[in-house]
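Report on the structure given below.
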Amino acid sequence: MSFSLQAPVHQFELPHPSGNGSFKISVSRAAHVPEGASIPVLYVLDADIGFALAAEVARLRGTMGMLPTAMVVGIGYGVGFAEFAKLRTADLTPPLSDAGREALGGMTSFIGDQDGGADAFLAFLADTLVPEIGRRYAEASATDRILFGHSLGGLFTAYALLNRPDAFTTFLANSPSLWWDGFAILGHLPAFADKLARLDRQPRVLIGVGGKEQDLPTKVPAGMAMSLAEVQAVVTASRMVDAVPEFATALTEAGLTEVEHVIYADEDHGSVVPAAMMRGLRFAVPEPA
């Protein structure tokens, strides 16, 4: 039996819903799939920086077929980091209010000044990409779909959950930027409760955050046109750690029955990603009882 040291990757492109440009779709198939079987599909946002890690985590978990795993589908842009940072903001965020846009201040030098594409991007994922993956890959489960997003991707994952809870069976929202537009996403909770009540099958949700994500920074991130005091004020107002258990409680109060949250001790906004990937996969594709 051959043994690969790296997950093989297939790539193709799909048009961006705006009509301008395209998404680069990356796919890592599981190595051990019994003939005729279907396996879960893990959709990973921000594939330009997160797909390779997710693919290797899934490959590691599924090595020799010892543990259940998933095929991994990444949605990216195939561009340099500076452009990527701006494109993702446009696609992953709900529209900003005037006050929310003003509150971003110098952050726009890094994340860009375009926003509001979340609805179009969600429609692309659920109505274009998911069917395309099913058409191209026979083993892709039609009923077991997982969404993973980090940071603004975590915000989008929470937004997708609240607006189309039937689009995925598991939502993995890591370090979600719930602070976006003054925590406006919480305004979707009443309608979410109504949507949940109409579902035959509720989604499962895991929300995570690094335990150090509320620590005040000691320097300004590269590329951000802000003073250290301004950056520290943003971190304080964002309440990255405190907001996660509060959001999990709010989801439970809205009627969601399977929601968990985890605070990864000693991890910051960047270092938390590998831990969240493995924990998320274990949550989404658990070992048989």
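What follows draws every value from the coordinates through simple rules; no lab data is involved. Here the structure is a predicted model, which is why all the values come from computation and not from measurement. Reconstructed Cβ throughout: ideal geometry from the backbone, glycine too, with neighbour counts over all protein chains shown.
When peptides 112-118, 95-101 are ranked by their average number of other Cβ atoms within 10 Å per residue, the highest-first order is 112-118, 95-101. Summing +1 for each Lys or Arg and -1 for each Asp or Glu among the other residues whose beta-carbon sits under 13 angstrom from that of residue 235 gives -2.
Rounded, prolate or oblate: pick one for segment 20-123, where a ≥ b ≥ c are the square roots of the eigenvalues of its C-alpha gyration tensor, a/c under 1.5 means rounded, and failing that, prolate if a/b is larger than b/c, else oblate. It would help to have the intermediate numbers written out before the result.
Numbers: a/c = 2.93, a/b = 2.57, b/c = 1.14.
Prolate, since a/c reaches 1.5 and a/b exceeds b/c.
Annotation: peptides 269-280, 241-252, ranked by per-residue average of other Cβ atoms within 10 Å with the highest first, follow the order 269-280, 241-252.
Build a GNM of the chain with springs between Cα atoms under 10 Å apart, and of 145, 204, 239 the one that fluctuates most is 239.
Counting charges near residue 252 (Lys, Arg +1; Asp, Glu -1) among other residues having Cβ under 12 Å from its Cβ returns a value of -4. Less than 15 Å Cβ to Cβ from residue 172, Lys/Arg counted +1 and Asp/Glu -1: what total charge do the surrounding residues give? Neighbour charge sum, excluding residue 172 itself: +1. With r defined as the distance between the Cβ atoms of residue 214 and residue 127 and R0 fixed at 41 Å, what FRET efficiency is calculated, to the nearest 0.05? Calculated value: 0.65.
Can you run the Rg to Rh ratio on segment 211-289? Use alpha carbon positions and the Kirkwood inverse-distance Rh.
Working: Rg = 15.9 Å, Rh = 14.8 Å.
Reported Rg/Rh, Kirkwood definition of Rh: 1.07.
The length gained by stretching the chain between residue 202 and residue 257 to full extension, at 0.36 nm per residue less their Cα-Cα distance, is 19.0 nm.
Annotation: amide H-H contacts under 5 Å for residue 141 (H modelled 1.01 Å from N, sequence separation of 5 or more, or interchain): 39, 41. Axis of helix 240-253 versus longest Cα principal axis of the chain: the two differ by about 60°, to the nearest ten degrees. When each of the peptides 122-129, 137-144 is scored by how many other beta carbons lie within 10 Å of its residues on average, the order from highest to lowest is 122-129, 137-144. Listed values for segment 200-212 are Karplus-derived 3J(HN,Hα) couplings in whole Hz (6.51 cos²θ - 1.76 cosθ + 1.60, θ = phi - 60°), namely 6, 9, 6, x, 9, 9, 10, 10, x, 7, x, x, 9, and x replaces Gly and Pro. Over segment 1-143, Cα pairs under 8 Å with separation of 6+ residues give a relative contact order of 23 percent.
Candidate cross-link partners of residue 212 among the lysines, defined by an alpha-carbon separation under 27 Å and a same-chain spacing of 8 or more, comprise 86.
Return a whole-number percent for the relative contact order of segment 10-284, with Cα pairs under 8 Å and 6 or more residues apart as the contact set.
Value for segment 10-284: 17 percent.
In the chain, how does Rg compare with the Kirkwood Rh, expressed as the Rg/Rh ratio over alpha carbon atoms?
Working: Rg = 18.5 Å, Rh = 19.4 Å.
Reported Rg/Rh, Kirkwood definition of Rh: 0.95.
The helix-only estimate of mean residue ellipticity at 222 nm for the chain, built from DSSP H runs of length n ≥ 4 each weighted as -39500 (n - 2.57), is -11500 deg cm²/dmol after division by the residue total.
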